[in-house]
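Okay, so here's the structure we're looking at.
The values are calculated or read from the model by the stated rules, or taken from the named source; none is laboratory data. All of these numbers come straight from a predicted model, not from anything done at the bench. We place every Cβ from the backbone using ideal geometry, glycine too, and count neighbours over all the protein chains shown. Ligands, DNA and RNA are stripped out before the accessible areas are found, and what is left, the full protein with its side chains, is counted by its heavy atoms. Shrake-Rupley method; radii C 1.70, N 1.55, O 1.52, S 1.80 Å.
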There are 2 protein chains.
Amino acid sequence: MAPTIKHVAKLANVSVATVSRVINQSKKVKQATRIKVEQAIEQLNFTPNALGRNLSTAHTKSLGVVIPSLSNPVFADAVSGINQQAKSRGYTLMFTSTDYVAQDELQAVTSLLAYQVEGIILTVANPIDNQALNLLIKNKIPYVLIYNQASDAQHPVVTIDNINSGGGVAQKLLDLGHIKLAMISGNFAASDRARARKQGFVDTITSAGHPTPLIIEVDFIEPDLDEILPPIFADPFTAPTALFCSNDLLAISVIGALGRMGLNVPHDISVIGFDGIAIGAHLHPTLSTVIQPSHKMGLVATQQLLDNINGQDYHKTVILPHIIRTGESAGIVPSVQINL
Amino acid sequence: MAPTIKHVAKLANVSVATVSRVINQSKKVKQATRIKVEQAIEQLNFTPNALGRNLSTAHTKSLGVVIPSLSNPVFADAVSGINQQAKSRGYTLMFTSTDYVAQDELQAVTSLLAYQVEGIILTVANPIDNQALNLLIKNKIPYVLIYNQASDAQHPVVTIDNINSGGGVAQKLLDLGHIKLAMISGNFAASDRARARKQGFVDTITSAGHPTPLIIEVDFIEPDLDEILPPIFADPFTAPTALFCSNDLLAISVIGALGRMGLNVPHDISVIGFDGIAIGAHLHPTLSTVIQPSHKMGLVATQQLLDNINGQDYHKTVILPHIIRTGESAGIVPSVQINL
DNA sequence: ATGAAAGCGCTAACAG
DNA sequence: CTGTTAGCGCTTTCAT
């Protein structure tokens, strides 16, 4: 049995209250007794049981994290930022990934609540009328969304402007002379940001008077691109000359699949991704993409959350700036190139 | 104030014991009372407080995870496997990354112990005489190492054979005709597996009668390769023709830096990485590397740990198979190529 | 400065 | 089948 505060008290010949005071650095303990207690603690190799403390104080110094996947560096980087900030403020993290299963969100949050986390940072499939979020609200547990689209300021969120950035991608492609555009995305149902990016992308294109781009929806986990892509490029007259991918991981796979189809990027077709994962800059061709500040997003979200928890001022909505990185994977439209 | 078991009991006109029985699916409750209680629970929107239960049962259903970094997909994948297995067994995860700061290991484990996790999965800088590990042993907390070198079966570990795989890389390079070899690695002090890989690499080379390869140690977080690499290739007579990188992320950066130096991989120099991160297969050139089954490692480690916790049989040491992937980044030695 | 005791939310004998 | 009660380990008044 692990030693408890009682064992320490007995060994040091003091009351448990005094031991508690020593543990909690209370100033109101005589130097002599403090030393006595510290020696007993040392001797018994005593570590305070946080459960007892937490139950007593109703204050766990822990935060929950719920994200769709760790396999995407974008989320891993955010968790890294969360970890850094939480650690520096003395908070512990309880972590779950849902693997893009929306139903798991509720279960994850329920579990986190049972463990009495003081707040939760999450990315959900869809914040609108979301069960997990409703539960959080009902229980008055502070939370902040990351990555999710900022919807009507309904929820505290730290994110980027997905609509605007999707539009930026479209504009960039149009500027390069592309007209036959397409977007390929993970399940829209599993990602409100993908939907927002699509919206910005499509709106910008149609506003410019061009036809609505082709939208291709694929599975988040294992898209079978070798099956999906060829038909799209079967007819050279309708085949898109540029492809916007809803995330970098997908873009990288797409470039690979196009290669297997004999299509060269960017010579035959341009590809732009989204996320700005570090590795994109090392690829060949280097990946054109929208960089979101993932690490910072996690960091800022944690700051906001902790400020909220501690009753300090915080911003309900934080939109971090994104950067469109011009890589080699997006170039001028093939026909124009030929005319040069 | 969140409702407690007492509130539910009062509303349902039963004792707290009965409520507890309902919550815990005990069969010994009459159908009628069960329904009464469930309605009260529903009505009050009651969620059991795990702290109370945990304190009472001395059983938290939670596991700790301590890894060096989430920025490396290798660890993210392992955590993904851990998460999957833990979730399916009803365990919650408490997570910390140390960012390669060895001193943080002890602090992380101490904190996890305070929260009474039932077991811990970790990757440490050096398992030999490791403070965090000693603490775990002293407190009799089950744990299992992942990635770490299996050292004298001192610690339960799920890993690959780093020495053998390092040797495999050397052999492959020798087979390709390379003789002037070098290894570039993150701080050896922060990674026992890097040391093991080096050992296998060096031993195989010297055993084959070749000179000891050049060993270059760089920072794990931000190696300044543009500074470090050029001098090594200044003299074409001593410059290595093949480079073994201790991990894929490093290998990718190295290939980038070599490119900026005007050196082409694999034409001018071969590069082999280590880890087998998914993206390596999509690079150009595709990355030659040693694939470790990261997801599975996390999965198996969690299985082992839970089996241990639940008093079932488990294997103290599990060596998972690795695969050397032949990618385009490693080719035959330049001089040989010229002679063709 | 220190101790006694109540209580945090829940479980687990033990009765009945 | 259900209720009573004694903790689990710790904090926190309230006395002393």
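Heavy-atom surface analysis with a 1.4 Å probe gives the range A:1-46 a carbon and sulfur content of 53 percent of its accessible area. Report the Cα centroid-to-centroid distance between the range B:289-307 and the range A:77-131 in angstrom, as an integer. If we compute the Cα centre of each part, the gap is 23 Å.
Computed over the alpha-carbon pairs of the range B:30-149, the distance histogram in 10 Å steps reads 12, 37, 27, 12, 9, 3 percent, short to long. Among A:Leu283, B:Leu249, the sequence by solvent-accessible area, most first, with a 1.4 Å probe is B:Leu249, A:Leu283. Once the 1.4 Å probe is applied to the protein heavy atoms, the protein assembly as shown comes out at 43 Å² accessible per residue. Interface of B with A. Using a 1.4 Å probe and counting protein heavy atoms only, the two chains hide about 3900 Å² of accessible surface, both sides summed. Proximity of backbone amide H atoms, modeled 1.01 Å from N, is registered between B:Leu93 and A:Phe95, B:Leu63 at under 5 Å, excluding neighbours fewer than 5 places apart on the same chain. Would you list, by chain and number, the lysines whose Cα falls below 30 Å from the Cα of A:Lys138, excluding same-chain residues fewer than 8 positions away? Reachable lysines: A:Lys61, A:Lys87, A:Lys296, A:Lys316, B:Lys6, B:Lys10, B:Lys36, B:Lys61, B:Lys87. Coupling constants for the range B:94-101 follow from the phi torsions by the Karplus curve (6.51 cos²θ - 1.76 cosθ + 1.60, θ = phi - 60°), and in residue order they are 10, 10, 9, 10, 8, 6, 6, 8 Hz; glycine and proline get x.
Amide H to amide H, with H built 1.01 Å from N, A:Val271 comes under 5 Å of A:Leu243, A:Ala330, A:Gly331, counting only residues 5 or more places away or on other chains. Rounded to the nearest 500, what is the protein assembly as shown's calculated 222 nm mean residue ellipticity when only DSSP H runs of at least 4 contribute -39500 (n - 2.57) each, over all residues? After summing the helix terms and dividing by the residues of the protein assembly as shown, the value is -13000 deg cm²/dmol. Applying 1/(1 + (r/R0)^6) with r as the Cβ-Cβ distance of B:His315 and A:Lys296 and R0 = 45 angstrom yields a FRET efficiency of 0.60. Remark: mean inter-chain Cβ contacts per residue of A:50-60 equal 5, using a 10 Å Cβ-Cβ cutoff to other protein chain atoms.
Between 0 and 90 degrees, the angle of helix B:73-88 with respect to the longest Cα principal axis of chain B falls at about 20 degrees. Rounded, prolate or oblate, given the Cα gyration tensor of the protein assembly as shown, with a/c below 1.5 counting as rounded? Note, shape of the protein assembly as shown comes out oblate. Under 5 Å from the amide H of A:Ile215 lie the amide H atoms of A:Met183, each residue being 5 or more positions distant or on a separate chain, with H modelled from the backbone and absent for Pro and chain starts. The HN-Hα couplings worked out from phi for the range B:196-206 by the Karplus form 6.51 cos²θ - 1.76 cosθ + 1.60 (θ = phi - 60°) are 5, 5, 4, 4, x, 5, 5, 4, 4, 5, 6 Hz, whole numbers, x standing for Gly and Pro.
Calculated from the alpha-carbon coordinates, chain B shows an Rg and a Dmax of 25.9, 92 Å respectively.
With the label put 7 angstrom out from Cα along the Cα-to-Cβ vector, B:Ala239 ends up 3.9 nm from the copy partners, going from closest to farthest.
Summing charges over neighbours of A:Tyr115, with a neighbour being any other residue whose Cβ is under 15 Å away from its Cβ, gives +3 when K and R count +1 and D and E count -1. Of the residues A:Ile184, A:Ile277, A:Ile309, the one that moves most in a GNM of chain A with alpha-carbon contacts below 10 Å is A:Ile309. Within the protein assembly as shown, antiparallel bridges make up roughly 10 percent of the DSSP beta bridges whose residues both belong there. Along the range B:256-263 the Karplus relation, 6.51 cos²θ - 1.76 cosθ + 1.60 evaluated at θ = phi - 60°, assigns HN-Hα couplings of x, 5, 4, x, 5, 8, x, 9 Hz to successive residues, with x for each Gly and Pro.
Let me know the shape class of the range A:182-297, please: from the alpha-carbon gyration tensor, a ≥ b ≥ c as square roots of the eigenvalues, rounded when a/c is under 1.5, otherwise prolate if a/b is greater than b/c, or oblate. Judged from the Cα gyration tensor, the range A:182-297 comes out rounded (a/c under 1.5). Taking trypsin sites (Lys or Arg not before Pro) across the range A:114-177, the ones in a DSSP loop with at most 16 further Cβ atoms lying within 10 angstrom of their Cβ are A:Lys140. If the reach is capped at under 16 angstrom between alpha carbons, list the lysines near B:Lys198, excluding any in the same chain fewer than eight residues apart. List returned: B:Lys172, B:Lys180. Here r is the Cβ-Cβ distance between B:Phe237 and B:Asp175 and R0 is 22 Å; the resulting FRET efficiency, rounded to 0.05, is 0.45.
Summary for A:Glu227: label point 7 Å along Cα→Cβ; distances to the equivalent points in the other copies, ascending, 5.0 nm.
Sorted shortest first, the separations between the B:Ile35 label point and its copies elsewhere in the assembly read 6.9 nm; each point sits 7 Å from Cα along the Cα-to-Cβ line. Of the trypsin sites (Lys or Arg not before Pro) found in the range A:25-58, the ones in coil according to DSSP and having at most 10 other Cβ atoms within 10 Å of their Cβ are A:Lys27, A:Lys28, A:Lys30. Considering only A:Arg89, A:Arg325, A:Arg21, the mean-square fluctuation computed in a Gaussian network model of chain A, springs between alpha carbons under 10 angstrom, is largest for A:Arg21. Of the residues B:Ile82, B:Ile163, B:Ile41, the one that moves most in a GNM of chain B with alpha-carbon contacts below 10 Å is B:Ile41. With Cα atoms defining each centre, the range A:10-31 and the range B:164-243 are spaced 56 Å apart in the structure. Each 5 Å bin from 0 upward holds the following percent of the Cα-Cα pairs of the range B:15-94: 3, 12, 17, 15, 14, 12, 9, 7, 6, 3, 1.
Dividing the convex hull volume of the alpha carbon atoms of the range B:1-46 by its residue count gives 59 Å³ per residue. In this structure, B:His210 and A:Ser56 have a Cβ-Cβ separation that, at R0 = 60 Å, corresponds to a calculated FRET efficiency of about 0.35.
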